[in-house]
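Every number here is computed from the coordinates shown, using simple stated rules; none is lab data. None of the values given here were measured: they were computed from a predicted structure. As a convention, Cβ positions derive from the backbone with ideal geometry for all residues, glycine included, and neighbour counts pool all protein chains shown.
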Amino acid sequence: MFSFLKNILRKNRAAPDPATQKRDMTSTDPVVRAQLAGHAETLPEILYYLARDEDASVRRAVAQNQATPVHAAALMAQDQDADVRLVLAARLVDLLPGLSTEEHSQLYAYTVQALGVLAQDEVLKIRKALSTALVDCADAPPSVAAQLARDVEREVSEPVLRFCVALSDDDLLDILSGHPEPWVISAIAGRETVSEAVSDAVVKTEDAPAQAVLIGNKGALIADDALKVIIDRARDFPEWHGKLAMRKELSFDLARQLSGFVEVSVLDMLKKRTDYTPPVRTAVADLVQRRMAYTASPGGQKETAEERLKRYAADGNLGPEVIHDAIVWQDNAFVVLALAFLARVNVVIVKKMLHSGAARPIIALCHKAGLPMRLAVVLQTDFARLKPKDLIYAKGGTDYPLTEDEIQWQLEFFGVV
């Protein structure tokens, strides 16, 4: 929008002397005044005078002239002629790169003040043109960018939300907190760089299209907690799976969670990732192999939890890793049956112990089943969903924290002998 405006007025070939300038500024011919207003060597005080000229073509020439003093911008930003304001906006944006040093602080203040007025202009084409220009301006004033980002017109605000680097995280978080339109969330999610805080706010909106944009954005930083929330939702969005499998933040634990419901092709993507450390690559490869085995029911028929248990028990492969996988994959029926089988405890009692709302019965059950304490912690957090204050962790990182007598008391309390 601005590019064609920069050359719509032609400057005089020769610079008039001061006396001639003073004469021409009061000429009755608007063409003469417009030529004077557009000349690069016209005196600043005369340009300031002409900024109030009754003829719009003269004021447009003043607005475009690089010699016009910046403090005239505040006056011209409220000019009644929309084209004057449009030309002024183009010139002010051009000035910004040279006004960032301390010595130009007052000029910068005038410029920002005028741009702030233009950012609220009632004419849409002016706000739209200003938005488009500032998107490509590395020196865009943050306050003006924030104004435009909140504009009610999508064609004004969307480019700023999507591309303007001057927008702060505070502004983005404030916009996201105001229950914005879905396109606003997607525009923010698609920015070249997105901080963890902003990504978290995008996830909390629960807007599925915006989350899809975020997942596919390599410049977005997504914290573990936010990525876990996304993976929890991803069961219902198969189109997310491939992009999630390639997220650089995907830890082994999150890969385990994701592997519980994705297709074989996505499992293969996980297995082929080269950015993991060698130990993690090995662990992921083992995980994928377990997942393939977990779903490889004989005859191609869908297995019940009971049938799967019999298969694992018969093969001698019913161990803590398989149960851990099943917990994360939310195969609760299999988890209950596996614990009941290994502990030789009735299924009804196992369910009571797991859903008691306390950590001690779960720890006692795992001990009875001959499983490591680390699995008891996973059962507390991911299966029973105990509150953090109610969790009991391993002693020394691996050992059971309860004594033999305490474990026996818990078992007897639930009728396990």
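Here are the numbers for this structure:
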item: Label-to-label distance, nm, for residues given as Glu41 and Glu206 (7 Å Cα→Cβ offset); result: 7.0 nm
item: On Cα atoms only, tilt of 359-368 relative to the major axis of the chain in degrees; result: 50 degrees
item: Share of Cα-Cα pairs in region 276-410 lying beyond 20 Å, as whole percent; result: 47 percent
item: Degrees between helix 404-413 axis and first principal axis of the chain (Cα, 0 to 90, nearest 10); result: 90 degrees
item: For region 1-161: relative contact order, % (alpha-carbon pairs under 8 angstrom, 6 or more apart); result: 17 percent
item: For the chain, built as a Gaussian network whose Cα springs stay under 10 Å, the top-fluctuating residue of Lys243, Lys228, Lys310; result: Lys310
item: Alpha carbon Rg of region 1-161, scaled by the compact-globule rule 2.2 N^0.38 Å; result: 1.04
item: Inter-part distance where region 88-162 and region 363-396 are each reduced to a Cα centre, Å; result: 57 Å
item: Kirkwood Rh in Å, taken over all unlike Cα pairs in region 168-221; result: 10.5 Å
item: By average C-beta atoms within 10 angstrom, highest first, the peptides 22-31, 218-227; result: 218-227, 22-31
item: Relative contact order (percent, whole number), region 316-369, Cα cutoff 8 Å, 6+ residue spacing; result: 29 percent
item: Calculated FRET efficiency for the pair Arg233/Asp275, C-beta based, R₀ 22 Å, to 0.05; result: 0.35
item: Surrounding net charge for Asp286, when Lys and Arg each add one and Asp and Glu each subtract one, Cβ distance under 15 Å; result: +3
item: Cα pair distances of region 223-296 binned at 5 Å [whole percent]; result: 3, 17, 33, 25, 17, 4, 0
item: Taking all pairs of distinct alpha-carbon atoms in the chain, Kirkwood radius in angstrom; result: 26.8 Å
item: Selected from Leu88, Leu391, Leu96 as most flexible by GNM, with the chain as the system and alpha-carbon contacts under 10 Å; result: Leu391
item: Using alpha-carbon coordinates, inclination of helix 278-295 to the longest axis of the chain, degrees; result: 60 degrees
